[in-house]
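See below for the structure under consideration.
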């Protein structure tokens with residue numbers, strides 16, 4: 001079992017749809033959870049990060065962490081064509097450990 | 001957040017040669033990292049490069065194959081040595097800037113023939 005599982009997609013949605021992206025993980029010691037957005041031929045861009053369980057909202061984006069289920073989600077409301085990218089989940093042990101463990105990424109296309 | 005640049009942005013190299021990738025940050029940072037992103041695979045950490053000390057390599061990566069330099073707090077290089085087609089990948093540097101957050105450079109796309 002890989003440490004972090006992420007459905008690679010591709011996922012195609014119409015403009016304005018709500019998008020749900022998910023990752024599951026096996027290591028219960030992970031404390032910090034991040035979502036990165038990567039446009040084609042670009043480096044990953046930090047979108048959101050969350051410490052431990054709970055929700056965090058930033059504009060159209062909401063990150064959820066459920067540590068009891070070892071499950072994290074990213075919701076995108078009112079999706080736009082500019083949201084078309086690959087979304088990577090990542091997590092770390094925190095407390096001075098900066099090594100990130102990534103999912104493989106989900107490729108999202110928002111169709112106008 | 002830190003602004004990170006990498007050179008070259010892409011290169012095509014012959015088997016058996018070496019390529020040095022540069023990473024420049026616009027501010028002083030203690031910790032820099034080098035990652036590899038192979039097609040269809042997760043981003044994988046190669047090594048951690050701290051200024052003033054030897055790089056720390058992850059399992060499966062060795063200094064002879066991926067020598068790293070970190071001469072100051074804004075710059076690092078990664079060399080991919082004696083390349084084979086299996087080394088074709090995107091190589092990314094990242095830095096820690098803020099609490100437990102990492103920012104990535106744009107990547108170097110390497111093709112080995």
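Each value in this text was obtained by applying a stated rule to the coordinates, not by laboratory testing. Not measured: the values here are computed from a predicted model. Note that each Cβ is placed from the backbone with ideal geometry, even for glycine, and that neighbours are counted across all protein chains shown.
Can you tell me how much longer the chain between residue A:12 and residue A:77 gets when fully stretched, taken as 0.36 nm per residue apart minus their C-alpha distance, in nm with one decimal?
Details: separation 65, 0.36 × 65 = 23.40 nm, distance 1.44 nm.
22.0 nm is the gain from fully extending residue A:12 to residue A:77.
Out of all Cα-Cα pairs in the stretch B:54-97, roughly what percent, to the nearest whole number, are more than 17 Å apart?
Working: 352 of 946 pairs.
Beyond 17 Å sits 37 percent of the P(r) for the stretch B:54-97.
Report, please, the projected area of chain A averaged over directions, based on the convex hull of its C-alpha atoms, in nm².
Numbers: hull surface 27.1 nm².
Computing the convex hull of the Cα atoms and averaging its projections yields 6.8 nm².
Measuring from a point 7 Å past the Cα of residue B:61 along Cα-to-C-beta, which residues in the stretch A:75-112 have an amide N at less than 13 Å?
Counting only backbone N, you get A:99-102.
Expressed as a rounded percentage, what relative contact order does the stretch B:1-41 have, with Cα pairs under 8 Å and six or more residues apart?
On the way: 23 pairs, mean separation 18.4, N = 41.
This gives 45 percent for the stretch B:1-41.
Take the Cβ-Cβ distance between residue A:5 and residue B:69 as r, set R0 to 45 Å, and report the resulting FRET efficiency rounded to the nearest 0.05.
0.80
Report, to two decimal places, the Cα Rg of chain B normalised by 2.2 N^0.38 Å (N = number of residues).
Working: Rg = 13.2 Å, N = 113, 2.2 N^0.38 = 13.3 Å.
Against the empirical 2.2 N^0.38 Å value, I get 0.99 for chain B.
By what distance, in whole Å, do the Cα atoms of the protein assembly as shown stretch along each of the three principal axes, largest value first?
Reported extents, whole Å, longest axis first: 48, 38, 36.
Averaging sequence separations of C-alpha pairs under 8 Å and six or more residues apart, then dividing by the length of chain B, give the relative contact order as a whole percent. Don't skip to the answer; put the middle values down first.
Details: 277 pairs, mean separation 41.6, N = 113.
Here the relative contact order equals 37 percent.
For an R0 of 30 angstrom, estimate the FRET efficiency from the Cβ-Cβ distance between residue A:93 and residue B:13 and round to the nearest 0.05. Let's see the in-between values first.
On the way: r = 36 Å, r/R0 = 1.19.
That pair, residue A:93 with residue B:13, gives E of 0.25.
Expected output is a single nm value to one decimal: the length gained when fully extending between residue A:68 and residue A:27, i.e. 0.36 nm times separation in residues minus the C-alpha distance. What is it?
Values: separation 41, 0.36 × 41 = 14.76 nm, distance 1.13 nm.
Fully extending the segment from residue A:68 to residue A:27 adds 13.6 nm.
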